[in-house]
Amino acid sequence: MRMLPASQALEENRLRCFIKSNFWIFLFMGKPVSTASGPLSGTISVPGDKSISHRALMLGAVAVGQTRIHGLLEGEDVLATATALGAMGVRVEKDANAIWVVDGVGLGGLAQPGQELDMGNSGTAARLLMGLVGGHEITATFVGDKSLSGRPMKRVSDPLTQMGISFENEKNDYCLPLTIHGTGQPIPISYTLPVASAQVKSAVMLAGLSTPGITTVIEPRATRDHTEKMLVALGANIKINDMENGSREISLTGQPELTAIEITVPADISSAAFPIVAALVVPGSKITLKNVGLNPLRTGLIDSLLEMGGNIEITNQHLEAGEEVGDIMVSASALKGINVPPSRAPSMIDEYPVLAMAAAMATGTTRMEGVGELRVKESDRLSAVEAGLKSCGVAVRSGDDWMEIDGSGGDGVPGGATIKTHLDHRIAMAFLVLGLVGKKPIGVDDGSPIDTSFPGFTRLMNGLGANMSRD
Ligand code: S3P
């Protein structure tokens, strides 16, 4: 046996005790981690809606006059759109009162960029801007981060090619980097979307703005209609026809005179989703979220959580610039497992990861169907959620386009894992929420992508009483 002088033995013993009592700190060193917390309480405002923020900048850029945007999301995704528009000659600036001002150059007025357009992590920026640029006599190369460079762009280049816009792609895989050769006079088309995607619909409509005729998009199910609503507010002529089979036809008359307006961006329901689920699962919680966007094509998560038995109340509902807005009050609730039907996917597409965390705390099994699109988001979200939940001791099964989660019946989850986030902000935030009910802490390998959509996330959560390290 090794003999140590008493002082050295004491030192070693102290070190061992220190490591033991700070085990979790060492395990997650430098990584965001969340630990079981007491009741969450308070009133918060989450940042502005990402989808509406992108559209406000893009449509402001091609309107005539000065667009003033209140509450723009200052996340990295939206800033990528602002920077790209700047590279195409549009002045986009934040004034002293935190209002973002866009000096519109009018339809057809975007200039040839002198550099690549870096879309960062943002699929919305890339796909919508391809539509807008496609309707201009511009050649531009779109690049993005590792996550975005693996996401499919053919769904956008296919219809845009039909409109006379051409693409160049070294690897021929229609992923970024992708060079687009726009045309000042795209051809108006009628296009049936193969997948329900607001991004693809919007790309076709934005290119359709420059056509000399009527562009029609038929979507198999209605998807978020922020582009349509904002275009109408700016003066475009749009006809919407809801079919009996649940599909929707949208027709846009090209070459409208778009007039700049004042836009107020509501808080993002997709960001609100995280504190909402946290308050439902952490015992004794009661929180209020102010001025959240409640566009009916975005509220599938609320429908699902209500079905699960969530105590959620909406007050102060009103319209702001054509978009429904309201306050959401949430109290901790005993949740039960449900079947989420495929028809709900478009209205809660970004919320499945956090719904999965609610499901892990529910009594019984939750089954989500028709969720194959989750495999081509910022990460393969079905895989990331499945792997993460399994490592936290939760039983999960999945197939190509479905997932099933067995809940703990409100008893917390084992936890004690570091989750691989694959550059996906929503995976990071979802698991940090789950850590609040973990028997052991839950960490994430990289918290930096959270800034793409929800800057200040951990600070805001901690303000409610959560235990999250990071900011
Ligand atoms: C978005 C549409 C959705 C959503 C994305 C934002 C938009 O994508 O997942 O975060 O702003 O149009 P898809 O349209 O590809 O489903």
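The values are calculated or read from the model by the stated rules, or taken from the named source; none is laboratory data. Note that this is a predicted model, so its numbers are computed, not measured. So basically every Cβ, Gly included, is an ideal-geometry build from the backbone, and we count neighbours across all protein chains shown. Accessible surface areas use protein heavy atoms only, side chains included; no ligands, DNA or RNA. Shrake-Rupley method; radii C 1.70, N 1.55, O 1.52, S 1.80 Å.
Take the conditions within 20 Å of LEU252 (Cβ to Cβ) and of a type in the set (Lys, Arg) and apply them to LYS201. Does it pass?
When the stated conditions are applied, LYS201 passes them.
Listed residues LEU289, LEU301; which is part of a strand (DSSP E or B) and either touching a helix residue (DSSP H, G or I) at 6+ places or on another chain (Cβ under 6 Å) or assigned by TED's automatic domain parsing to the domain that holds GLY135 (or both)?
LEU289
Tell me the residue from THR183, THR227, THR161 that is surrounded by fewer than 16 Cβ atoms within 10 Å (Cβ to Cβ) and out of contact with any Leu (no Cβ under 6 Å at 6 or more places or on another chain), please. If you could, list the steps in order and put the result at the bottom.
Values: THR183 fails: surrounded by fewer than 16 Cβ atoms within 10 Å (Cβ to Cβ); THR227 fails: surrounded by fewer than 16 Cβ atoms within 10 Å (Cβ to Cβ).
Unique residue meeting the criteria: THR161.
Contact list please: Cβ distance under 7 Å, first residue in region 350-373 and away from the ligand (no atom under 15 Å from the Cβ) and modelled with pLDDT under 95, second residue outside any loop (DSSP other than H, G, I, E, B) and open to solvent by 10 Å² or more (accessible area, probe 1.4 Å), pairs at least six apart or on different chains.
Going by the 7 Å Cβ cut-off, there are no qualifying pairs.
If GLY416 satisfies every condition in (1) touching a Ser or Thr at 6+ places or on another chain (Cβ under 7 Å); (2) at pLDDT 95 or above; (3) open to solvent by 20 Å² or more (accessible area, probe 1.4 Å) but one, which is the exception?
Failing condition for GLY416: (1).
Can you confirm whether VAL101 is surrounded by fewer than 24 Cβ atoms within 10 Å (Cβ to Cβ), out of contact with any helix residue (DSSP H, G or I) (no Cβ under 8 Å at 6 or more places or on another chain) and among the β-branched types (Val, Ile, Thr)?
yes
Given (1) farther than 18 Å from PHE142 by Cα; (2) away from the ligand (no atom under 12 Å from the Cβ), identify the lone condition not met by ALA84.
All conditions are met except number (1).
Any idea which residue in region 247-267 is farthest from ILE189 (Cα to Cα), counting only those that are in contact with a helix residue (DSSP H, G or I) (Cβ under 7 Å, 6 or more places away or on another chain) and open to solvent by 20 Å² or more (accessible area, probe 1.4 Å)?
So the residue we want is ILE261.
ARG426 versus (1) in contact with a helix residue (DSSP H, G or I) (Cβ under 6 Å, 6 or more places away or on another chain); (2) closer than 19 Å to SER469 by Cβ: which is the lone unmet condition?
Result: ARG426 passes all but (2).
Residues being more than 16 Å from the ligand (Cβ to nearest atom) and either in the same structural domain as GLY415 (by TED's automatic domain parsing) or open to solvent by 10 Å² or more (accessible area, probe 1.4 Å) (or both): count how many of those fall in region 37-70.
Summing the residues that are more than 16 Å from the ligand (Cβ to nearest atom) and either in the same structural domain as GLY415 (by TED's automatic domain parsing) or open to solvent by 10 Å² or more (accessible area, probe 1.4 Å) (or both) in region 37-70 gives 14.
Give the residues of region 268-292 that are under 16 Å from ASP49 (Cα atoms) and open to solvent by 10 Å² or more (accessible area, probe 1.4 Å), sorted by residue number.
LYS290, ASN291
Please work out which one of (1) in a loop (DSSP other than H, G, I, E, B); (2) not assigned by TED's automatic domain parsing to the domain that holds GLY108 is the condition ALA272 fails and give its number.
(1)
Can you confirm whether region 278-287 contains a residue that is touching a strand residue (DSSP E or B) at 6+ places or on another chain (Cβ under 7 Å) and farther than 26 Å from GLU351 by Cα?
No, every residue in region 278-287 fails to be touching a strand residue (DSSP E or B) at 6+ places or on another chain (Cβ under 7 Å) and farther than 26 Å from GLU351 by Cα.
Suppose we filter region 345-393 for residues that are among the β-branched types (Val, Ile, Thr) and over 15 Å from SER408 (Cβ atoms); how many remain? Reasoning before the result, please.
Here is the first cut: in region 345-393, the residues among the β-branched types (Val, Ile, Thr) are 349, 354, 363, 365-366, 371, 376, 385.
Add one more test, that the residue is over 15 Å from SER408 (Cβ atoms), and what stays is 349, 354, 371, 376, 385.
Going through region 345-393 one residue at a time, the tally reaches 5.
Which of the numbered conditions does GLU244 fail, given that it passes all the others? Conditions: (1) more than 16 Å from the ligand (Cβ to nearest atom); (2) part of a loop (DSSP other than H, G, I, E, B); (3) in contact (Cβ under 8 Å) with a residue 60 or more places away in the chain.
All conditions are met except number (3).
Out of all the residues in region 301-347, which are under 17 Å from ARG367 (Cα atoms), open to solvent by 40 Å² or more (accessible area, probe 1.4 Å) and within 20 Å of the chain's Cα centre (by Cα)?
ASP303, PRO342, SER343
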